[in-house]
1. Just to check your reading of the model, which residue among Val88, Val160, Val147 is in contact with a Phe, Trp or Tyr (Cβ under 7 Å, 6 or more places away or on another chain) and of a type in the set (Val, Ile, Thr)?
2. Being under 22 Å from the mean Cα position of the chain (by Cα) and in a loop (DSSP other than H, G, I, E, B) is the filter here, so list the residues in region 1-47 that pass it.
3. Check region 105-120 and report whether any residue there is in a helix (DSSP H, G or I) and without any contact (Cβ under 8 Å) to a residue 40 or more places away in the chain.
4. Could you say whether any residue in region 66-73 is within 30 Å of Asp161 (Cβ to Cβ), open to solvent by less than 30 Å² (accessible area, probe 1.4 Å), of a type in the set (Ser, Thr, Tyr) and part of a loop (DSSP other than H, G, I, E, B)?
5. Mind checking which pairs have a first residue in region 308-320 that is closer than 14 Å to Leu231 by Cα and a second that is hydroxyl-bearing (Ser, Thr, Tyr), Cβ under 6 Å, 6 or more apart or different chains?
6. What residue, among those in region 191-210 that are crowded, with 19+ Cβ neighbours inside 10 Å and without any contact (Cβ under 8 Å) to a residue 60 or more places away in the chain, is farthest from Ser98 (Cα to Cα)?
7. From the list Leu124, Leu135, pick out the single residue that is aliphatic (A, V, I, L, M) and in a strand (DSSP E or B).
8. Can you pull out every residue in region 149-186 that is assigned to a helix (DSSP H, G or I), of a type in the set (Ser, Thr, Tyr) and more than 17 Å from Lys105 (Cα to Cα)?
Amino acid sequence: MQCTMLLWPHANARYQNETFRLARAELQLMLGRLGLQYEVDPEPGEMPPSIRFSVDRAFAEREERLISGLSLLYGLFERRPDGALFPVLGRQKPRFGSDLPGILKYKGKTNEFFTELLMNLAYLSGSMPEDPRVLDPLCGKGTTLFVAANRGFSAAGADVDRADLREAENFFKRYLEYHRVKHSLARGSMTLPDKKSSPYAEFTVDRQSLRFAELDAARVADAFGRKAFDLIAADLPYGVQHTSGELPGKLLERALPEWLKALRPGGAAAASFNAQTLSRERVRAMFHRAGFQVMEGGPYDALSHWVEQAVTRDIVVGVRK
């Protein structure tokens, strides 16, 4: 079966060129996870931006559902012998609304499509249930949580910035009310071993929950408990320091052992970072020392990409054995 995957357009032409390699790596992991024999064209399609690939058979219904969750997918088409493109599937329908992760604009915000890529890399690398429980230990104003919510996943976020958490909480409450989504909001506090506490706000819609917690990234296992999550997605600060004043490398080294404890066996963590200030080799070494099985080779070595002059972003993925 010959296929063409149209990529989601991006306003920045240079970043658009970078998305081809990211989408290609994500697609390769997906097809490999599905056990398909495949071949992906190393060169991008012309106009519009696209990836050409072939698989040994048609996709099953469950496989189509998974493929529709690819972060940069605009549409998937079967390429017929005469060159015609026959539509196969589009993007996965969001649980709440496609605009949910993108409305809040602020300095340092991670693009919601990249956030979904980060989640997918962890999802495709570990042994996951159909609806994994997601943690973002550096959640800021909640982009990861909102992406997870649209996928139908329950999620929790931790951050030390109370103002960011409150803004995310107020925004989500207004969003649910505006769209007339029946929900409940509970406030509480998680007790930590040193008798300190972590205040939180938790939204529940049907059986799906989103929790925003004021908490240090290295205390997630203390607060939420061991083996509480299937998937961790974390976007480290790209500047010299985190909001708390801590260097990103120091923060990551301190937090990774706790992230491992917070994951169930087979769970996976994906962390993105600025490779101009923190090298891939160093981050992989940190994951290894913390006890993760570090994913290397093939698509995992093709994730470095340009973002802006001072930022070359890369991703490391580790799995709890």
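1. Val88
2. Once the filter is applied, which keeps residues that are under 22 Å from the mean Cα position of the chain (by Cα) and in a loop (DSSP other than H, G, I, E, B), region 1-47 yields Trp8, Pro9, His10, Ala11, Asn12, Leu34.
3. yes
4. yes
5. Val317/Ser125; Val319/Ser125
6. Ser198
7. Every option except Leu135 fails the conditions.
8. Tyr178, the sole residue that qualifies.
The values are calculated or read from the model by the stated rules, or taken from the named source; none is laboratory data. None of the values given here were measured: they were computed from a predicted structure. Quick reminder, even Gly has a Cβ in these numbers, built from the backbone with ideal geometry, and neighbours come from all protein chains shown. Heads up: the accessible areas ignore ligands, DNA and RNA and are worked out on the full protein's heavy atoms, side chains in. Shrake-Rupley method; radii C 1.70, N 1.55, O 1.52, S 1.80 Å.
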